[in-house]
Amino acid sequence: MAQPLVEAASIALALHETRPWIFDRLSPEQRERVVSWLAGFIGRRTPDNNWVLFQVIVEQFLAEVGGPYEPDEITGGLERIEEWYAGDGWYTDGKGKNFDYYCGWALHLYPSLWARMAGDTARAERYAGRLRLFP
């Protein structure tokens, strides 16, 4: 469980959103170093809470740039948050855990960003619907 995973997710999102201007303009060696660093998070254990989404984001970016990734880790993270959905737009921050600030932050934001990255319109609509219900 390494704190840099949190920052890696932000970097992966930034590179995804700016890909034509930044990542695609890097030299092959620079892209390889970025992919290698992000790939270091594959298979890493995370706390059983919103952190699963950081790994989902990192691995989705790796998938889109042809890097190594584990599809089961992406799917598993997304399935995990389904178990935490409590209805009416609310998530718990892990099984049996409290409702906290991450409900409105990570547990709504990161799945929506993942759906955008992956082009998954069905899940994008599901996540948007839940956010609309969130007070």
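The values are calculated or read from the model by the stated rules, or taken from the named source; none is laboratory data. Every value quoted in this text rests on a predicted model; they were computed, and no experiment measured them. Counting neighbours? That spans all protein chains shown, and the Cβs are built from the backbone with ideal geometry, glycine included. Note: areas computed on protein heavy atoms with side chains; ligands, DNA, RNA excluded. Shrake-Rupley method; radii C 1.70, N 1.55, O 1.52, S 1.80 Å.
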* Give the residues of segment 1-29 whose amide nitrogen is closer than 13 Å to a point set 7 Å from the Cα of residue 39 in the direction of its Cβ. => 29
* Asked: For the chain, modelled as a Gaussian network with Cα springs under 10 Å, which listed residue fluctuates most, 82, 29, 125?
  -> 29
* **Cα principal axis extents for the chain, largest first, Å** => 46, 29, 23
* Asked: Leaving out ligands, DNA and RNA but keeping every protein chain, what accessible area does residue 126 have, in Å² rounded to the nearest 10, with a 1.4 Å probe?
  -> 100
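Dipole magnitude of the chain about its Cα centre, charges +1 at Lys/Arg Cβ and -1 at Asp/Glu Cβ only, in debye to the nearest 20?
220
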* To do: Loop only per DSSP, at most 12 neighbouring Cβ atoms within 10 Å: give me the chymotrypsin sites (Phe, Trp or Tyr not before Pro) in segment 1-87, ordered by residue number.
  => 21
* Quote the accessible area belonging to residue 88 in square angstrom, nearest 10, computed with a 1.4 Å probe and with ligands, DNA and RNA left uncounted. => 110
* To do: In a Gaussian network model over the chain where Cα atoms closer than 10 Å are linked, find which of 110, 102, 91 has the largest mean-square fluctuation.
  => 102
* Comparing 36, 27, 112, which has the greatest mean-square fluctuation in the GNM of the chain with Cα pairs linked when under 10 Å apart? -> 27
